[in-house]
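One structure below.
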Amino acid sequence: MEIHSHDTGNVRLLSVKGGRIDAAVAIAFKDRMRALTEGAPATVILDLSDVSFIDSSGLGSIVAAMKQMGTQRKLHLAGLTPNVDRVFRLTRMDKVFTIHETTDEGLQYNAG
Amino acid sequence: MPAKADPRHTRPPMQSGNNLRLRLNSDEYEIRRSLEQIKAHATRHNADHVMLGTIEIVLAEVLNNIAEHAYASQPRGGPIDITCTATPVAFRFAVLDEGTPLPRGVLQARSMPRQYPPEGPLPEGGFGWDLIRMLSVRLSFTRKHGRNCLSFAVPILKGAMCPKDGR
């Protein structure tokens, strides 16, 4: 699984490429997120539009990524596909994260 | 990374009519492959993309639990047998393993915080059984001849999300 990083203004956009965030990659994902969010601007948007499946391990690794960013920076999510969106809603994690329909919407929200 | 899987645990899938039987080793990559085989079986029995998503998440959580808990003390993992039966109203599953017994009460317990934001720190795990309970019906567990047997069904709902899905 790859995560592409791109800074634009006061936002770092992290795009997950690779289809699944599951038990097979959860630990690697969390470690990669730690490296990519260190020294990031105040807001990090995690683009999940290429992720078709997430399980509870993957969900836990996103929660862990948010926690390891501390209180100074925020982790937003964008582009949830239907199955991923469903897991966030069922576990009520949609109440914990700011979720944007698309990355563009997330970037506009955080502009200025 | 898990230790290399024991090839003795894996057998090619056996399909007969509405039944699909799989034997796999409890490692993450065989779990992924088995999920694909089960989804292909469900697709042959006209499951739509919502059904496929439901089946995949429930089964993934069941199999991950076995890999991470039932076979926790076995670095090479152990065998898992899955039977998936397509019926007109549901996809029924029986999942067997030879690992440590499932703790009592785990089927009923609830790990998700009841309110958001939660009072304590955000949980990073424990969502698996919640998802299984919310997306399946007829969830039951027996321990027989030294094996765990978990059975459940994913109901077929035409044009609707799952009953407990809240949409």
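If amide H atoms are built 1.01 Å from N in the plane of the peptide, which residues on other chains or at least 5 residues away come under 5 Å of the amide H of B:L102?
For B:L102, no residues qualify.
Within segment A:88-107, what residues put their amide N at less than 15 Å from the label point 7 Å along the Cα-to-Cβ vector of A:N10?
A:107
List, largest first, the extents of the alpha carbons of the protein assembly as shown along their principal axes, each in whole Å.
Here the spans come out as 62, 43, 35 Å, largest first.
If you place +1 on the Cβ of every Lys and Arg, -1 on the Cβ of every Asp and Glu, and leave all else neutral, what size is the dipole of segment B:3-91 about its Cα centre, to the nearest 20 Debye? Let's see the in-between values first.
Values: 10 positive and 10 negative charges, 76 e Å.
So the magnitude is around 360 debye.
Assign unit charges at the C-beta atoms only (+1 for Lys and Arg, -1 for Asp and Glu), then state the dipole size of the protein assembly as shown relative to its Cα centre in Debye, rounded to the nearest 20. Write out the running numbers ahead of the final one.
Numbers: 35 positive and 29 negative charges, 202 e Å.
The calculated dipole for the protein assembly as shown is roughly 980 debye.
Could you check the simple spin-label distance between B:R104 and A:S49, using points 7 Å along Cα→Cβ, in nm with one decimal?
About 5.2 nm separates the two model spin labels.
Mind pulling the per residue volume of the convex hull built on the Cα atoms of chain A? Å³ is fine.
Convex hull of Cα atoms, per residue: 87 Å³.
What is segment B:7-155 by shape, rounded, prolate or oblate, if you read a ≥ b ≥ c off the alpha carbon gyration tensor as root eigenvalues and call it rounded for a/c under 1.5, prolate for a/b larger than b/c, and oblate otherwise? Working shown, then result.
Values: a/c = 1.76, a/b = 1.23, b/c = 1.43.
Verdict is oblate for segment B:7-155.
Excluding residues on the same chain fewer than 8 positions from B:K144, give the aspartates and glutamates whose Cα lies under 20 Å from its Cα.
Counting by Cα, and skipping residues close in sequence, B:K144 has these aspartates and glutamates nearby: B:D81, B:D97, B:E98.
Would you mind calculating the relative contact order of segment B:7-155 from Cα pairs under 8 angstrom and at least 6 residues apart, reporting the percent as a whole number?
Relative contact order comes out at 24 percent.
How do A:97-109, A:52-64 rank on mean C-beta neighbours within 10 Å, highest first?
Output ranking for A:97-109, A:52-64: A:52-64, A:97-109.
Fewest to most neighbouring Cβ within 10 Å: what's the order for B:M51, A:M69?
In increasing order of surrounding Cβ atoms, one gets A:M69, B:M51.
As a test, work out the antiparallel percent of DSSP beta bridges whose residues both lie in segment A:2-109, rounded to the nearest 5. Provide the component values of the computation, followed by the final result.
Working: 7 of 23 bridges.
Counting only bridges with both partners in segment A:2-109, antiparallel ones make up about 30 percent.
Modelled label-to-label distance, B:R21 and B:H49, 7 Å Cα→beta-carbon offset: nm?
For B:R21 paired with B:H49, the spin-label model returns 3.5 nm.
Considering only C-alpha atoms, what is the centroid distance from segment B:42-115 to segment A:17-53, in Å?
For segment B:42-115 versus segment A:17-53, the Cα centre distance is 25 Å.
How shielded is B:125-137 by partner chains, expressed as the average number of their Cβ atoms within 10 Å of its Cβ atoms?
Across the residues of B:125-137, the mean count of other-chain Cβ atoms within 10 Å is 4.
Mind checking A:22-29 for the average number of partner chain beta-carbons within 10 Å of each residue's beta-carbon? Before the final figure, lay out the partial values.
Values: counts 7, 12, 8, 1, 4, 1, 1, 0.
Taking the mean over all residues of the peptide, I get 4.
Report the normalised scattering of segment A:46-112 as log10 I(q)/I(0) at q = 0.19, 0.26 Å⁻¹, calculated by the Debye formula with identical scatterers on the alpha carbons.
For segment A:46-112 at q = 0.19, 0.26 Å⁻¹, log10 I(q)/I(0) is -0.73, -1.28.
Once the other residues with Cβ under 9 Å from the Cβ of A:T43 are scored (Lys, Arg +1; Asp, Glu -1), what is the net sum?
Net charge in that neighbourhood comes out at +3.
Bear in mind these aren't lab numbers, they're just calculated from the coordinates by the rules spelled out. Because the structure is a prediction, the values reported are computed rather than measured. We place every Cβ from the backbone using ideal geometry, glycine too, and count neighbours over all the protein chains shown.
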